[in-house]
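**Student:** Could you have a look at this structure, given as structure tokens, before my questions?
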2 protein chains.
Amino acid sequence: MPNPIPEDSVGIVTPKSQHFSKPLELECGKTLSEYDIAYETYGELNANGSNAILICHALSGDQHAAGYHSSEDRKAGWWESSIGPGKPIDTHRFYVVSLNNLGGCKGSTGPNTKIPGTDKYWGPDFPIVTVKDWVNSQHRLMQELDITHWCAVIGGSLGGMQVLQWSIDFPDLIKHALVIAAAPKLSAQNIAFNEVARQAIQADPDFHNGHYLENNSIPRRGLMLARMLGHITYLSDDSMRDKFGRELREGKLSFGFDVDFQVESYLRHQGKSFVDRFDANSYLLMTKTLDYFDPASECKHDLSVAVSPSTAKFMVISFTSDWRFAPERSREIVKALLDAGKQVSYVEVKADQGHDAFLIPIPHYMNVFHGYMNNVYEDIL
Amino acid sequence: MPNPIPEDSVGIVTPKSQHFSKPLELECGKTLSEYDIAYETYGELNANGSNAILICHALSGDQHAAGYHSSEDRKAGWWESSIGPGKPIDTHRFYVVSLNNLGGCKGSTGPNTKIPGTDKYWGPDFPIVTVKDWVNSQHRLMQELDITHWCAVIGGSLGGMQVLQWSIDFPDLIKHALVIAAAPKLSAQNIAFNEVARQAIQADPDFHNGHYLENNSIPRRGLMLARMLGHITYLSDDSMRDKFGRELREGKLSFGFDVDFQVESYLRHQGKSFVDRFDANSYLLMTKTLDYFDPASECKHDLSVAVSPSTAKFMVISFTSDWRFAPERSREIVKALLDAGKQVSYVEVKADQGHDAFLIPIPHYMNVFHGYMNNVYEDIL
């Protein structure tokens, strides 16, 4: 029997979908003639419409950020730690909108949906979308939901990049920008890891150049490898040591190529379970979206010029053991914002959990997050 | 026309091979009934046999540590930077022995050689060898070459682990131990990267469960992925930034899955060229050898107890930007040696090149290395 739904959860939520028939021009030059965006909402929009918050998801996230889809559902949304009654993003106070980005695989138009007017999957032909494209599509959704402005836009990792882009592209529509465990652009090493992940997927013979759905196949091994690799970069060396050390699965070395160490078994499990919930073409797309993000590139590589249109107040949070997007990367954002004369808070949270820390209810992090959200709430009263 | 061979090179060298007909018992419980070891030597053994040095290679190394195989040969041995006349391992002073470890793919008995008395390749049936097994086989070679003791055993990375094992297993036969860019055992993160590399190879349909030679195939894409991934861990984030930054190959984004960034192109090239020179089964084996190395495991995880038999003088060198085997890992070795009352020198070289630094003639590193080798030389005079 499943556990009862905890009292500090938003409870059972129903996924929604919005159809858009107005074409969306993309940075790549292509146009989506029509599209759908899957989303969820938590809490209630207040009378003067001042309490809306947008949540932006990371690489493998989706619209299901909090709550459960049924009373049988064993797993809550991906940011259950931070969204719900009494939590930092308090659903008694705020109206929270969370969506699946275009190119995703959880109901929004993407590679695993069909090209309008045809019976063919988009597959590898889905255009490469950028963070800017996502922000535009999120703005369209905002209009459909009759939201006049966001009291806050919040996201971690790739989500934080969307927050930064929102503050640049729609400065009048966002009061607070919470940029968590993010970076102003990927490093060569970040891109290198993404490239190996992509090659792993594309090398899988079941990938069929991206047309695997028509071929009734799934590039399981490639996607599994990509996720295993990603997972290493989400954890810190310390957290892996604390979690697994060099513990042997069977108590002794196998002298073969089966699993010897617990960490191998854990990674294989992570990789396998990911294949059941994610689409390989979406993974390829989203890694490219990450690689391409670089708002300063249009401003002679001066991030402080890029963020100059912003009028939001910023909260930047990083985690000490995060080596995917290390605190130095957050400090680059903070410095650019300060150079541009913006209002910025910055907290570097001591945490052993690596990049994944942004999803974990670490007390110091929760205190900081909660405290800042109190400010956001005071601003709307 | 190839460049003339530089004067500070050992010049043209001829690979040699030694056959062993006395069975070698391995840690896994299996026995190699007979085997060959491919090796090279540089310099001359002196009259009292006191100037012999053993070089131990790393994961993808081999016996060809210095010099050229012909006047047409464009590429010198892998440690040309440190071995040769006037170099730290000065071949005017020392007699240098460098071998291909068992399980390798450059002439020593390994997966790409045939099982004695049959016409079948060892392939995946080659036993998993350990660092201890290697040291035993190196000791056998030493006896065949009539070398009574090593004035120094020297190695970087996995090579440094062999040096440590030599000092423990044959304390009377080794005067100086140079352990460079090594670790006393792999971390969970190190093992995790190895596991992803192995899975990449094993997932390749051309792998045929390791029997690819009989099937006239090569798991090119798997081995390429493994090498690309390995390569990321050999370079530092800084060195990748300095080398590639976010430089675009064609000057603009492709909005496709071809190469966008220089770093992608570099990695693909590294991966592809590795496939032409390395065997996939050997790669699998050597990553397991790395994973299994943990001399302290037999001594209640107390490394100072494990090294207590050693009588060698130690030189430990690490590199600041090495995140594969970070300076902390070298310091664990140094601390254990000091706790055990051994004579140890330790230098942490400031270097941006990551783990690969141990192969690069960085002036501070070369000075330190040269200085220590002067001591080694003085000890034999």
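The values are calculated or read from the model by the stated rules, or taken from the named source; none is laboratory data. As the structure is a prediction and not an experimental result, all values here were calculated from the model. All Cβ positions, glycine included, derive from the backbone under ideal geometry; neighbour counts span all protein chains shown.
**Student:** Based on this model, can you work out whether B:ILE128 counts as buried (at least 20 other Cβ atoms within 10 Å of the Cβ), aliphatic (A, V, I, L, M) and not in a loop (DSSP other than H, G, I, E, B)?
**Tutor:** Values: buried (at least 20 other Cβ atoms within 10 Å of the Cβ): yes; aliphatic (A, V, I, L, M): yes; not in a loop (DSSP other than H, G, I, E, B): no.
No: the conditions fail for B:ILE128.
**Student:** Then there's this: Cβ-Cβ under 9 Å, sequence separation 6+ or interchain: first residue in the range B:293-313 and within 14 Å of chain A (Cβ to nearest Cβ) and touching a residue at least 40 places away in the same chain (Cβ under 8 Å), partner β-branched (Val, Ile, Thr) and surrounded by 14 or more Cβ atoms within 10 Å (Cβ to Cβ). Which pairs?
**Tutor:** B:PHE293/B:THR130; B:PHE293/B:VAL131; B:PRO295/B:VAL131; B:PRO295/B:ILE168; B:PRO295/B:VAL307; B:ALA296/B:VAL305; B:ALA296/B:VAL307; B:LEU303/B:ILE333
**Student:** So which residues in the range A:6-41 are closer than 20 Å to A:ILE115 by Cβ, among the β-branched types (Val, Ile, Thr) and surrounded by 13 or more Cβ atoms within 10 Å (Cβ to Cβ)?
**Tutor:** A:ILE37
**Student:** Can you work out which of the residues in the range B:68-106 that are outside any loop (DSSP other than H, G, I, E, B) and not β-branched (Val, Ile, Thr) is farthest from B:ASN375 (Cα to Cα)? I'd like the intermediate steps shown before the answer.
**Tutor:** Of the range B:68-106, the ones outside any loop (DSSP other than H, G, I, E, B) are B:68, B:83, B:89, B:95-99.
Retained after the next criterion (residues that are not β-branched (Val, Ile, Thr)): B:68, B:95, B:98-99.
Details: B:TYR68: 28, B:TYR95: 16, B:SER98: 21, B:LEU99: 25 Å.
Looking at residues that are outside any loop (DSSP other than H, G, I, E, B) and not β-branched (Val, Ile, Thr), I get B:TYR68.
**Student:** Test B:MET228 against the stated conditions and say whether it is buried (at least 22 other Cβ atoms within 10 Å of the Cβ), part of a helix (DSSP H, G or I), in contact with a Ser or Thr (Cβ under 9 Å, 6 or more places away or on another chain) and within 8 Å of chain A (Cβ to nearest Cβ).
**Tutor:** Details: buried (at least 22 other Cβ atoms within 10 Å of the Cβ): yes; part of a helix (DSSP H, G or I): yes; in contact with a Ser or Thr (Cβ under 9 Å, 6 or more places away or on another chain): no; within 8 Å of chain A (Cβ to nearest Cβ): yes.
Taking the combined requirement at face value, the residue does not satisfy it.
**Student:** Looking only at the range A:237-271, how many residues end up being touching a strand residue (DSSP E or B) at 6+ places or on another chain (Cβ under 9 Å) and within 21 Å of A:THR287 (Cβ to Cβ)?
**Tutor:** 0
**Student:** Being at pLDDT 95 or above, touching a Gly at 6+ places or on another chain (Cβ under 7 Å) and surrounded by fewer than 24 Cβ atoms within 10 Å (Cβ to Cβ) is the requirement here; does B:LEU213 meet it? Reasoning before the result, please.
**Tutor:** On the way: at pLDDT 95 or above: yes; touching a Gly at 6+ places or on another chain (Cβ under 7 Å): yes; surrounded by fewer than 24 Cβ atoms within 10 Å (Cβ to Cβ): yes.
Yes; evaluated as a whole, the condition is true for this residue.
**Student:** Take the residues in the range A:312-349 that are assigned to a loop (DSSP other than H, G, I, E, B) and in contact with a strand residue (DSSP E or B) (Cβ under 8 Å, 6 or more places away or on another chain); name whichever of them is surrounded by the fewest Cβ atoms within 10 Å (Cβ to Cβ). Give the derivation first.
**Tutor:** Of all residues in the range A:312-349, those assigned to a loop (DSSP other than H, G, I, E, B) come to A:312, A:320-326, A:340-343.
Now drop any that are not in contact with a strand residue (DSSP E or B) (Cβ under 8 Å, 6 or more places away or on another chain), which leaves A:312, A:320, A:325-326, A:342-343.
Details: A:ALA312: 28, A:THR320: 17, A:PHE325: 27, A:ALA326: 18, A:LYS342: 19, A:GLN343: 13.
Applying the filter and picking the extreme gives A:GLN343.
**Student:** Can you name every residue in the range A:270-306 that is among the acidic types (Asp, Glu) and assigned to a helix (DSSP H, G or I)? It would help to see each step written out before you state the result.
**Tutor:** Here is the first cut: in the range A:270-306, the residues among the acidic types (Asp, Glu) are A:276, A:279, A:291, A:294, A:298, A:302.
A:ASP291, A:GLU298 - these are the residues of the range A:270-306 that are among the acidic types (Asp, Glu) and assigned to a helix (DSSP H, G or I).
**Student:** Please state which of the following conditions A:GLU298 fails to meet, knowing it meets all the rest: (1) surrounded by fewer than 20 Cβ atoms within 10 Å (Cβ to Cβ); (2) modelled with pLDDT of 95 or more.
**Tutor:** (2) is the only condition that A:GLU298 fails.
**Student:** Could you list all residues from the range A:197-218 that are within 10 Å of chain B (Cβ to nearest Cβ) and part of a loop (DSSP other than H, G, I, E, B)?
**Tutor:** Across the range A:197-218, the qualifying residue is only A:ASP204.
**Student:** Does B:SER282 fit the bill of being within 30 Å of B:ASN100 (Cα to Cα), small (Gly, Ala, Ser) and touching a residue at least 24 places away in the same chain (Cβ under 8 Å)? Give the steps one after another, and end with the answer.
**Tutor:** Working: within 30 Å of B:ASN100 (Cα to Cα): yes; small (Gly, Ala, Ser): yes; touching a residue at least 24 places away in the same chain (Cβ under 8 Å): yes.
Yes, satisfied.
**Student:** While we're here: What's the total number of residues in the range B:136-163 that are closer than 19 Å to B:MET315 by Cα and touching an Asp or Glu at 6+ places or on another chain (Cβ under 8 Å)? Give the steps one after another, and end with the answer.
**Tutor:** Going residue by residue through the range B:136-163, those that are closer than 19 Å to B:MET315 by Cα are B:149-163.
From the residues that got through so far, the ones that are touching an Asp or Glu at 6+ places or on another chain (Cβ under 8 Å) too are B:149, B:151.
Of the residues in the range B:136-163, 2 are closer than 19 Å to B:MET315 by Cα and touching an Asp or Glu at 6+ places or on another chain (Cβ under 8 Å).
**Student:** Can you tell me which residue among B:ASP172, B:ASP133 is within 14 Å of another protein chain (Cβ to nearest Cβ), more than 30 Å from A:TRP323 (Cβ to Cβ) and at pLDDT 95 or above?
**Tutor:** On the way: B:ASP172 fails: within 14 Å of another protein chain (Cβ to nearest Cβ).
After ruling out the rest, the residue left standing is B:ASP133.
**Student:** Could you tell me whether any residue of the range A:167-181 is touching a residue at least 60 places away in the same chain (Cβ under 8 Å), of a type in the set (Val, Ile, Thr), part of a helix (DSSP H, G or I) and over 19 Å from A:GLN138 (Cα atoms)?
**Tutor:** No: the range A:167-181 contains no residue that is touching a residue at least 60 places away in the same chain (Cβ under 8 Å), of a type in the set (Val, Ile, Thr), part of a helix (DSSP H, G or I) and over 19 Å from A:GLN138 (Cα atoms).
**Student:** From the list A:ARG246, A:ARG221, A:ARG241, which one is surrounded by fewer than 24 Cβ atoms within 10 Å (Cβ to Cβ), in a helix (DSSP H, G or I) and charged (D, E, K, R)? Spell out the reasoning first.
**Tutor:** Working: A:ARG246 fails: in a helix (DSSP H, G or I); A:ARG221 fails: surrounded by fewer than 24 Cβ atoms within 10 Å (Cβ to Cβ).
Result: A:ARG241 is the single residue among A:ARG246, A:ARG221, A:ARG241 that is surrounded by fewer than 24 Cβ atoms within 10 Å (Cβ to Cβ), in a helix (DSSP H, G or I) and charged (D, E, K, R).
**Student:** From the list B:GLU27, B:GLU44, B:GLU80, B:GLU40, which one is at pLDDT 95 or above, in contact with a His (Cβ under 8 Å, 6 or more places away or on another chain), among the charged types (D, E, K, R) and in the same structural domain as B:GLN138 (by TED's automatic domain parsing)? Give the derivation first.
**Tutor:** Working: B:GLU27 fails: in contact with a His (Cβ under 8 Å, 6 or more places away or on another chain); B:GLU44 fails: in contact with a His (Cβ under 8 Å, 6 or more places away or on another chain); B:GLU80 fails: in contact with a His (Cβ under 8 Å, 6 or more places away or on another chain).
Unique residue meeting the criteria: B:GLU40.
**Student:** Could you tell me how many of the residues in the range B:240-254 are among the small types (Gly, Ala, Ser) and at the interface with another protein chain (Cβ under 9 Å from one of its Cβ atoms)? Walk me through it before giving the result.
**Tutor:** Filtering the range B:240-254 for residues among the small types (Gly, Ala, Ser) gives B:245, B:251, B:254.
Right, trim to at the interface with another protein chain (Cβ under 9 Å from one of its Cβ atoms) and you get B:245, B:254.
Qualifying residue count, the range B:240-254: 2.
**Student:** Now a separate question. What are the pairs with Cβ atoms under 6 angstrom where one residue, in the range B:356-381, is assigned by TED's automatic domain parsing to the domain that holds B:MET240 and of a type outside the set (Val, Ile, Thr) and the other, located anywhere, is crowded, with 18+ Cβ neighbours inside 10 Å and part of a helix (DSSP H, G or I)? Sequence gap at least six, or different chains.
**Tutor:** As it stands, the answer is none, since no pair meets every condition given.
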